[in-house]
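One structure is given below, encoded as structure tokens.
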Amino acid sequence: MKIFHSAIFVLFGVIFLFINRADAQIKTDKISFYDLKEKVISKNDTLKSNQETKQLFIMKKQPWRAVAYSAILPGAGQFYSESYWKVPIILGLGGYFVYGIINNNNQYIDYRDQYQNSQTTENPNGNQQLLNLREFYRDQRDNFYIYSAILYLANLIDAYVDAQLYDFNVSDKINFGLLKKNRLIGIEYNF
């Protein structure tokens, strides 16, 4: 049990360090520039000119802020990234795992006490069936702790990915392109 508490303490320490590091780097992660050369074509399909344009890309959602929200309250990072359908899944699984921890811990305590009461001077080993049940419920409780830690970590990773891909374009308009020596060769296909 002490190892589990130490692991949780280390996990929260690592998350805290990532959040502090992320806050210092938000300004560099937030803005990036894309240089494109485009051909401007008029309505009568005559080439007017080649002009170079710069597009400023600003991320609408900050990934490390989503991680911080999910670290404080699981599912809050997904809510921040507007992936609303994931919130009840995370909360439902989390609630089930907490229920499993509490239920198996109560069963473990019951069988532990029964096993200790079955140990007498005539039978110092006690009832082996009670010992087996005690060990089973302790193992189940520990497994639910592991499942909860995996869910928590997956929640943090998913919040980061959701915020990172928030601006990803999923329109029906498909553009393919290759950049070769200051020329943009592209294919455009519309559905």
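The values are calculated or read from the model by the stated rules, or taken from the named source; none is laboratory data. Keep in mind it's a predicted model, so treat the numbers as computed, not measured. Cβ atoms come from the backbone with ideal geometry, glycine included; neighbour counts cover every protein chain shown.
Structure summary
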read-out	value
Subset of the stretch 103-115 (residues that are in contact with a Leu (Cβ under 9 Å, 6 or more places away or on another chain) and farther than 12 Å from ARG138 by Cβ)	GLN114
All positions within the stretch 112-138 that are out of contact with any Gly (no Cβ under 9 Å at 6 or more places or on another chain) and assigned to a loop (DSSP other than H, G, I, E, B)	THR121, GLU122, ASN123, PRO124, ASN125, GLY126, ASN127
Whichever residue in the stretch 76-110 is of a type in the set (Phe, Trp, Tyr) and crowded, with 17+ Cβ neighbours inside 10 Å and, among such residues, is farthest from ALA154 (Cα to Cα)	TYR108
Identity of the residue in the stretch 43-78, part of a strand (DSSP E or B) and aliphatic (A, V, I, L, M), that ends up modelled with the lowest pLDDT	LEU47
Restricting the stretch 79-111 to residues that are touching a residue at least 24 places away in the same chain (Cβ under 8 Å) and not in a helix (DSSP H, G or I), the residue that is farthest from LYS61 (Cα to Cα)	SER83
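Residues are listed down the side, and each one gets a yes or a no for (1) at pLDDT 95 or above; (2) over 17 Å from the mean Cα position of the chain (by Cα); (3) of a type in the set (Ser, Thr, Tyr):
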residue	(1), (2), (3)
ILE8	no, no, no
LEU17	no, no, no
ILE41	no, yes, no
SER81	no, no, yes
LEU91	yes, no, no
TYR96	yes, yes, yes
ASN105	yes, yes, no
SER118	no, yes, yes
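For every residue, the table says whether it meets (1) modelled with pLDDT of 95 or more; (2) surrounded by 10 or more Cβ atoms within 10 Å (Cβ to Cβ); (3) closer than 25 Å to VAL87 by Cα; (4) of a type outside the set (Asp, Glu).
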{"position": "ILE146", "(1), (2), (3), (4)": "yes, yes, yes, yes"}
{"position": "LEU156", "(1), (2), (3), (4)": "yes, yes, yes, yes"}
{"position": "GLN164", "(1), (2), (3), (4)": "no, yes, yes, yes"}
{"position": "ASP172", "(1), (2), (3), (4)": "no, no, no, no"}
{"position": "LYS181", "(1), (2), (3), (4)": "no, no, no, yes"}
{"position": "ILE187", "(1), (2), (3), (4)": "no, no, no, yes"}
